[in-house]
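Structure record follows, encoded as structure tokens.
The values are calculated or read from the model by the stated rules, or taken from the named source; none is laboratory data. Everything quoted here is computed from the prediction, not taken from an experiment. Cβ: placed from backbone, ideal geometry, glycine included. Neighbour counts: every protein chain shown.
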2 protein chains.
Amino acid sequence: MDTLDFRFELNAQEGKARTGVFHTPHGEIPTPIFAPVGTQATVKSLTKKQLKELDTRLILGNTYHLYLRPGDDLIAELGGLHKFMNWDGPILTDSGGFQVFSLSDMRQVDEDGVTFKSHIDGSTHRFTPERSVAIQENLGSDIMMAFDECAEPYDREYNIQAMTRTHHWAERCLEAKTRDDQALFGIVQGGVFPDLRAASAEFIASLDFPGIAIGGLSVGETKDEMHAMLKVVNEILPEDKPRYLMGVGTPQDLVECVRLGIDIFDCVLPTRLARHNAAMTDTGRMNMMNARFARDERPISDTCTCYTCQNHTRAYIRHLISAREMLSGTLLSIHNIHTLLELARKIRQSIQEGNFAQFANHYLENLNRE
Amino acid sequence: MDTLDFRFELNAQEGKARTGVFHTPHGEIPTPIFAPVGTQATVKSLTKKQLKELDTRLILGNTYHLYLRPGDDLIAELGGLHKFMNWDGPILTDSGGFQVFSLSDMRQVDEDGVTFKSHIDGSTHRFTPERSVAIQENLGSDIMMAFDECAEPYDREYNIQAMTRTHHWAERCLEAKTRDDQALFGIVQGGVFPDLRAASAEFIASLDFPGIAIGGLSVGETKDEMHAMLKVVNEILPEDKPRYLMGVGTPQDLVECVRLGIDIFDCVLPTRLARHNAAMTDTGRMNMMNARFARDERPISDTCTCYTCQNHTRAYIRHLISAREMLSGTLLSIHNIHTLLELARKIRQSIQEGNFAQFANHYLENLNRE
């Protein structure tokens, strides 16, 4: 099933860093890539046209949110998530697992699944591996994720239990899958424990997934711990499948984790920071509400080619924030997403040209760490 | 001063309705025209690019708001309002009078001007005719308005006082004006009293204004009263100057008031309704939150050519509203502004082709009145 549609072509490699193309029914995804998050069938504040102008190649939808509102049945009835939100490019959906564990008001995990209460109205719901796959099949994403449990990273005993459950659930998700126009990715767990991460990577790699995600990172552990886990896992994962680091990251993360062999990233950071008045740049984060920008006629970044920087000054953006105008969120979202997509483009190009190591060192030296 | 730059060419006339072009230093304004309101140097939720794609030909900025935040001095220092917000088309600024009387926390009117408290921080400020002109000269709008007092429409004695003051202030504004790249419009007041309106129209028409506004309407009086006042005033106003009806309106208002001789309109309605989930259409208003739209795959309007209707279903827009996603405000603002701009285009065309009366009758018959 699905071998041809979801071909992953590797074009160039430098150390662990690689560049390639993942083929999906809704288009090619060049890797390494960053995917903006469209939690509720919208990348917050941006039109489809603006996302296309940013050359967005992959967006993420959240299964937990879409299941609760407007409902996956309704979306299926209206032709699936692509048609519902009128996005004709590739879409990745998560499994709902992470949100059940982080957002819902109450949850009870058992070997079969999770019972939880909606954060919207307190109503009771149940996700199982089979249910998660069925919901994602209703949504019709190009890439769907196996249902997993994301545990606290430092509790070893609990991570053993959660990882074991995640492995059983991965097999059940593969079994439950019925559509051949969707790729199902497995998820590696194991907290901050190298031996658990290695065991999880080996188990997930042994199953028939066209791509593999690494979950349970960027959830409270240190950067060093995250990098150590990626080293362990990426040594084991097959070279010929795309590797997706879930919920990451910052510009620094993109550079450092591509260097460790990651191909796909997603994160709410660019749009969330935009709503909190922060601009992401290649030299660090800027709080655009700062009074020192009141008369600053420069763009956010002199070298940025995004719509916002080509059209507006720091003074204007600071005024919009100060006057509580929602256009500030739109303009900063455009800028922040552009920063990450442009960084991904430069990363791909430098790997292609064989100077990624130099690019990465230079980039990280110029960056004020966050 | 300013005779060439602010030429008003009348191209066609049908009854009192007319179509023409008003020339400004930042471009031609075809009339009749609707101007979206950009209160705080932004038409709420829309980028400049989106406004250009809507073929917006004139926008309005609010002097009261911009004076308070970010300050007209700051805007002047940064090159004026066009440069500050990066809008290269014509801009009209009001005088600040209406907001002082409707928004500020306290106000004391005397013959010389108005003292008021900011709605933002309670600080005390004073506007006089000279100050209003100086602020608008700092903003650098193409069309600025004389400082006026907008009175309660039904209090005859007070309207006599306010109108008399408005007339004195109009003369002082003309006197105070120093720039020749801005047109100053006078404002007719007089509440719902035909004799006062006639006296005001005669006085304002006697002064050297390149265009004339009609103020103090759509502030609580009935549609019939508004129309009666427009008939009185437009009989008196010279044919060769553009007539601007301030703060109006709805699609119905545009058709009915063009029929009475109005050339320019502005209103917050399209963007304000958008933020309250309402779509304006040629057949009436729709509450897009309505549960009956949950599975409705049609666009807001089958015949609408706007970005929103070309790309999104009622079901999707209803979902965005229900999920409190700000994209709903953007998509509805695009649709609502398009509805009014497209209506203005059709009005201009029908006057040009000599079938405006037929167009107006047909339009009003199909409209569910608001």
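I want to confirm something. Restricting to region A:84-123 and keeping residues that are among the acidic types (Asp, Glu) and surrounded by fewer than 21 Cβ atoms within 10 Å (Cβ to Cβ), which single residue is farthest from residue A:158 (Cα to Cα)?
Keep residues of region A:84-123 that are among the acidic types (Asp, Glu), which gives A:88, A:94, A:105, A:110-112, A:121.
Now drop any that are not surrounded by fewer than 21 Cβ atoms within 10 Å (Cβ to Cβ), which leaves A:88, A:105, A:110-112, A:121.
Working: A:88: 41, A:105: 20, A:110: 13, A:111: 13, A:112: 17, A:121: 29 Å.
The qualifying residue farthest from residue A:158 (Cα to Cα) is A:88.
Return the residues of region B:249-304 that are more than 14 Å from residue B:33 (Cα to Cα) and aromatic (Phe, Trp, Tyr); say none if nothing qualifies. Passing the criteria: only B:293. Output the residue which, of all residues in region A:185-225 that are without any contact (Cβ under 8 Å) to a residue 12 or more places away in the chain and not hydroxyl-bearing (Ser, Thr, Tyr), is nearest to residue A:250 (Cα to Cα). Looking at the filtered set, the residue picked out is A:224. Note on region A:210-229: residues that are on the phi < 0 side of the Ramachandran plot and either at pLDDT below 95 or in a loop (DSSP other than H, G, I, E, B) (or both) total 7.
Looking only at region B:318-344, which residues are in contact with a strand residue (DSSP E or B) (Cβ under 8 Å, 6 or more places away or on another chain) and of a type outside the set (Ser, Thr, Tyr)?
Going through region B:318-344, the residues in contact with a strand residue (DSSP E or B) (Cβ under 8 Å, 6 or more places away or on another chain) turn out to be B:332, B:335-337, B:339-341, B:343-344.
Result: B:332, B:335, B:336, B:337, B:340, B:341, B:343, B:344.
Can you say whether residue A:290 is closer than 25 Å to residue B:46 by Cβ and not small (Gly, Ala, Ser), as far as the supplied structure shows?
Working: closer than 25 Å to residue B:46 by Cβ: no; not small (Gly, Ala, Ser): yes.
No; evaluated as a whole, the condition is false for this residue.
Residue A:120 meets each of the listed conditions (1) closer than 29 Å to residue A:33 by Cα; (2) outside any strand (DSSP E or B) apart from (1).
The one condition from (1) more than 14 Å from chain B (Cβ to nearest Cβ); (2) farther than 23 Å from residue A:47 by Cα; (3) not β-branched (Val, Ile, Thr) that residue A:336 does not meet is (2). Tell me whether region B:169-189 contains one or more residues that are surrounded by 15 or more Cβ atoms within 10 Å (Cβ to Cβ), over 22 Å from residue B:143 (Cβ atoms) and more than 23 Å from the chain's Cα centre (by Cα). No - not one qualifying residue is present in region B:169-189. For region A:19-27, indicate whether the set of residues that are surrounded by 21 or more Cβ atoms within 10 Å (Cβ to Cβ) and under 29 Å from residue A:128 (Cα atoms) is non-empty. Yes, region A:19-27 contains a residue that is surrounded by 21 or more Cβ atoms within 10 Å (Cβ to Cβ) and under 29 Å from residue A:128 (Cα atoms). Got at least one residue in region A:79-102 being modelled with pLDDT under 95, over 27 Å from residue A:32 (Cα atoms) and among the hydrophobic types (A, V, I, L, M, F, W, C)? Looking for residues that are modelled with pLDDT under 95, over 27 Å from residue A:32 (Cα atoms) and among the hydrophobic types (A, V, I, L, M, F, W, C), one finds at least one in region A:79-102, hence yes.
Here residue B:138 clears all of (1) farther than 20 Å from residue B:67 by Cβ; (2) within 23 Å of the chain's Cα centre (by Cα); (3) surrounded by fewer than 24 Cβ atoms within 10 Å (Cβ to Cβ) except the condition numbered (1). Considered as a group, the residues in region B:83-101 that are of a type outside the set (A, V, I, L, M, F, W, C) and more than 12 Å from chain A (Cβ to nearest Cβ) include one that is farthest from residue B:166 (Cα to Cα), and that residue is B:89.
Residue B:285 passes every criterion in (1) surrounded by fewer than 23 Cβ atoms within 10 Å (Cβ to Cβ); (2) charged (D, E, K, R); (3) farther than 30 Å from residue B:19 by Cβ apart from (3).
Residues that are of a type outside the set (A, V, I, L, M, F, W, C) and under 21 Å from residue B:230 (Cα atoms) were ranked within region B:8-18; the one that is surrounded by the most Cβ atoms within 10 Å (Cβ to Cβ) is B:18. Apart from one condition, residue A:5 fits all of (1) in a loop (DSSP other than H, G, I, E, B); (2) touching a residue at least 40 places away in the same chain (Cβ under 8 Å); (3) surrounded by 17 or more Cβ atoms within 10 Å (Cβ to Cβ); the exception is (3). Being surrounded by fewer than 24 Cβ atoms within 10 Å (Cβ to Cβ), touching a residue at least 40 places away in the same chain (Cβ under 8 Å) and among the aromatic types (Phe, Trp, Tyr) is the requirement here; does residue A:244 meet it? Considered against the rule, which asks whether it is surrounded by fewer than 24 Cβ atoms within 10 Å (Cβ to Cβ), touching a residue at least 40 places away in the same chain (Cβ under 8 Å) and among the aromatic types (Phe, Trp, Tyr), residue A:244 comes out as no.
The residues in region A:131-169 that are closer than 24 Å to residue A:219 by Cα, touching a residue at least 40 places away in the same chain (Cβ under 8 Å) and outside any helix (DSSP H, G or I) can be counted, and the count is 12. Comparison of B:78, B:46 shows that the only residue that is closer than 27 Å to residue B:327 by Cβ, of a type outside the set (Ser, Thr, Tyr) and touching a helix residue (DSSP H, G or I) at 6+ places or on another chain (Cβ under 6 Å) is B:46.
Residue selection: residue B:298 fails the criterion of being over 18 Å from residue B:217 (Cα atoms), within 28 Å of the chain's Cα centre (by Cα) and at pLDDT 95 or above.
Of the listed requirements (1) surrounded by fewer than 24 Cβ atoms within 10 Å (Cβ to Cβ); (2) over 30 Å from residue A:9 (Cα atoms); (3) more than 7 Å from chain B (Cβ to nearest Cβ), residue A:77 misses just one: (3). Scanning region A:17-53 for residues that are among the hydrophobic types (A, V, I, L, M, F, W, C) and within 13 Å of another protein chain (Cβ to nearest Cβ) yields A:37, A:41, A:43, A:46, A:51. When you look at residue B:349, is it away from chain A (no Cβ under 14 Å) and either among the aromatic types (Phe, Trp, Tyr) or over 20 Å from residue B:267 (Cα atoms) (or both), yes or no? It is true that residue B:349 is away from chain A (no Cβ under 14 Å) and either among the aromatic types (Phe, Trp, Tyr) or over 20 Å from residue B:267 (Cα atoms) (or both).
With respect to the stated conditions, residue B:112 fails to be of a type in the set (Asp, Glu), assigned to a loop (DSSP other than H, G, I, E, B) and within 14 Å of chain A (Cβ to nearest Cβ). Taking the numbered list (1) within 13 Å of another protein chain (Cβ to nearest Cβ); (2) surrounded by fewer than 16 Cβ atoms within 10 Å (Cβ to Cβ) in turn, residue B:65 passes all entries but (2).
For region A:301-323, a residue qualifies if it is of a type in the set (Val, Ile, Thr), away from every other protein chain (no Cβ under 14 Å) and within 25 Å of the chain's Cα centre (by Cα), and exactly one does: A:305.
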